[in-house]
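Written below as structure tokens is the structure these notes are about.
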Amino acid sequence: MSAFLTYLLSGLSVGASFALIGAGFVVVHRVTHVVNFTQGTFAVLAGWVTASLITNGTPHGLGELIGVIAAGAVGLGVGAVTLARRGTPPFVALLMTLGLSFLGVAVVIALFGDHPAPSVPLVSGIADFLGVRIEWQRLLIIGVALVAFVVIALFFERTDLGRAMTAAASNPRAARLVGISIRRMGLASFTIGGLLGGIAGVLLAPMQQLSAYSDLGLAFSGFAAAVFGGLVSPWLTLLGGLVLGVAGSMLQGYEIGSFQNQLSLVLMVIVMIVRAKALGRQEEAK
Amino acid sequence: MLRITDLVVRYGAATAVDGVSLEIADGEMVALVGPNGAGKSSLVNAVSGLVKPAAGRIEIDGRSAQVPEGRQMFPDLSVDDNLRMGAWRLSRNARDTARIYELLPELVPLRRRRAGLLSGGQQQMVSIGRALMARPELLLVDELSLGLAPLVTEKLVAHLRRINQESGTTILLIEQEVALAFEICARAYVLEAGRVVASGDTATLAGDKALAAIYFGDLSTGAEEDER
């Protein structure tokens, strides 16, 4: 039983970070209709920036903050490149982000090398939780993810910037009439995507061996979670991420094997087949 | 309030507005009529800044806002949020929607409803409210009655009149129902193929048999034409 709980909690923590990356996909897609495959790159980059700052003497808290902000800035940059020409078809934009993610791998290797980032957890030590021993950092990831999702929901429902981002996505013409800049809303969404990916990376890096090559795996897991939410629903994305994380952790825990990426791909394919009609309708509605 | 001089709007090789000049004084309510494709929407879109004129000048004395053709809701947002977005250009304090519910009380029970789920008439009301949120001195209405029941149109017309008379908002109204447009507005411009072909008092224009026959059918038998 305690082994089960251990796998469950560590799966939830990994899943929470998938969900954060997935939320980045959702925010960017909701506003710009672009599937942004640099979401994993944001996480790896933020994880590495933070680890390198902290191993070089930057205090905890500040190091993590800089890592997340750096990911947000890179998100803004990716948005600026992807949205540079108005009317770029979404699938062309997707290929651009895929290309940029490969560039991201090269940049991370050039800056930090191709080995995993050193583990510098924000909170160290082991918690005794329901008779299960688990790193505090893992519980932190779950907590932060839950808070982040509440903040995202409040942002879109209660703030004018969030409303304007929804407005720009649902009726660009009317948005321009009232003075909402479609481009700025798109850039804002990419920045938020960067921040969310950054949060995931900064928290996950100390627990998982994040290297330059982790980005695509993370992106796939996040994307699978986002597809679970139809690329529009943050809450279903959270659920999808958690399910993925727990499933991966169980398989690994019971020594069936380490199949996290394969699981993500399988879930993605299943959801896409089951929900093909719903996803198709959305595309048509645009 | 609005002065347009030799305005030209082109889309690629097609010329939508071909040297139009018009002038609207403060507090006036002026109709812009003409057949489909005459360039009416292009003209107001140029005034709103949605399309860039190829030539000519547009001078506006104050803020303008547009009630666009097809209502153009933000379908996923509530009525209240649609209204708030109308004041996006203004400061946060200017985004209070209470004023609009006083002007358009029909919207009060709908404020939490998603705009995409409303009827056409309700959406048109939201669209007018959203434009008024920008506190415009000049209101551009692109097709008021299109697709709406006569009773609904009547209500909207009453609101527009009150907005015009009580707050002195200048209104430029595009309306495909010429009889209705002429009834509401004292003055009109008639556009055809991107040019002004007639303008003046609506009473005089309506009495111009030749013009009426060419552009709108006979106004006196407008009702019969609707039944066809």
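Key figures for this structure:
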| item | result |
| --- | --- |
| Cross-chain or 6+ apart pairs with Cβ under 6 Å, region B:99-125 first and closer than 17 Å to B:D76 by Cβ, then part of a helix (DSSP H, G or I) | B:L110/B:V79; B:R111/B:V79; B:R111/B:D80; B:R113/B:V79; B:A115/B:V79; B:A115/B:N82; B:A115/B:V126 |
| Region B:1-33, residues that are touching a helix residue (DSSP H, G or I) at 6+ places or on another chain (Cβ under 6 Å) and either acidic (D, E) or open to solvent by 10 Å² or more (accessible area, probe 1.4 Å) (or both) | B:A16, B:M29 |
| Region A:162-184, subset within 21 Å of A:A80 (Cα to Cα), at the interface with chain B (Cβ under 7 Å from one of its Cβ atoms) and hydrophobic (A, V, I, L, M, F, W, C), residue farthest from the chain's Cα centre (by Cα) | A:I180 |
| Residue selected from region A:1-15 under the condition more than 20 Å from the chain's Cα centre (by Cα) and among the hydroxyl-bearing types (S, T, Y), by the criterion farthest from A:I199 (Cα to Cα) | A:S2 |
| Which numbered condition B:G120 misses (of (1) surrounded by fewer than 18 Cβ atoms within 10 Å (Cβ to Cβ); (2) more than 8 Å from chain A (Cβ to nearest Cβ); (3) more than 19 Å from B:H159 (Cα to Cα)) | (3) |
| B:I171, sole failed condition from (1) more than 14 Å from chain A (Cβ to nearest Cβ); (2) surrounded by fewer than 19 Cβ atoms within 10 Å (Cβ to Cβ) | (2) |
| Residue satisfying condition, being of a type in the set (D, E, K, R) and within 14 Å of chain A (Cβ to nearest Cβ), within set B:D80, B:D18, B:D61, B:D26 | B:D80 |
| Answer from A:S170, A:S189 - the residue that is hydroxyl-bearing (S, T, Y), surrounded by 24 or more Cβ atoms within 10 Å (Cβ to Cβ) and at negative phi | A:S189 |
| Selected residue (only one of B:L139, B:L191, B:L173 is in a strand (DSSP E or B) and in contact with a Cys (Cβ under 9 Å, 6 or more places away or on another chain)) | B:L173 |
| Test result for A:A80, over 18 Å from A:I21 (Cβ atoms) and either at pLDDT below 95 or in contact with a Ser or Thr (Cβ under 8 Å, 6 or more places away or on another chain) (or both) | no |
| Out of A:R163, A:R138, A:R183, A:R133, sole residue that is surrounded by fewer than 16 Cβ atoms within 10 Å (Cβ to Cβ) and assigned to a helix (DSSP H, G or I) | A:R183 |
| So B:R71, is it open to solvent by less than 50 Å² (accessible area, probe 1.4 Å) and under 21 Å from B:S145 (Cβ atoms) | yes |
| Residues within region B:83-97 that are buried (at least 22 other Cβ atoms within 10 Å of the Cβ) and either within 25 Å of B:S145 (Cβ to Cβ) or more than 7 Å from chain A (Cβ to nearest Cβ) (or both), tallied | 4 |
| Wholly enclosed strands (runs of 3 or more DSSP E) of region B:1-117 bearing at least 1 residues of a type outside the set (A, V, I, L, M) | B:2-11, B:14-24, B:55-60, B:64-67 |
| Complete set of residues in region A:230-257 that are open to solvent by 80 Å² or more (accessible area, probe 1.4 Å) and closer than 16 Å to A:F220 by Cα | A:L239 |
| Odd one out for B:G49 among (1) within 14 Å of chain A (Cβ to nearest Cβ); (2) in contact (Cβ under 8 Å) with a residue 24 or more places away in the chain; (3) over 13 Å from B:D142 (Cβ atoms); (4) open to solvent by 10 Å² or more (accessible area, probe 1.4 Å) | (2) |
| Positions within region B:137-146 being open to solvent by 10 Å² or more (accessible area, probe 1.4 Å) and either over 20 Å from A:R173 (Cα atoms) or modelled with pLDDT of 95 or more (or both), in sequence order | B:E137 |
| Options B:Q66, B:Q72; residue that is under 22 Å from B:A25 (Cβ atoms), within 16 Å of the chain's Cα centre (by Cα) and within 7 Å of chain A (Cβ to nearest Cβ) | B:Q66 |
| Subset of region B:101-117 (residues that are of a type in the set (A, V, I, L, M, F, W, C) and within 14 Å of chain A (Cβ to nearest Cβ)) | B:A115, B:L117 |
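The values are calculated or read from the model by the stated rules, or taken from the named source; none is laboratory data. All values reported here derive from a predicted model rather than from experimental measurement. No Cβ is skipped: glycine too gets one built from the backbone with ideal geometry, and neighbour counts run over all protein chains shown. The area values use the complete protein model at the heavy-atom level, side chains included, leaving out ligands, DNA and RNA. Shrake-Rupley method; radii C 1.70, N 1.55, O 1.52, S 1.80 Å.
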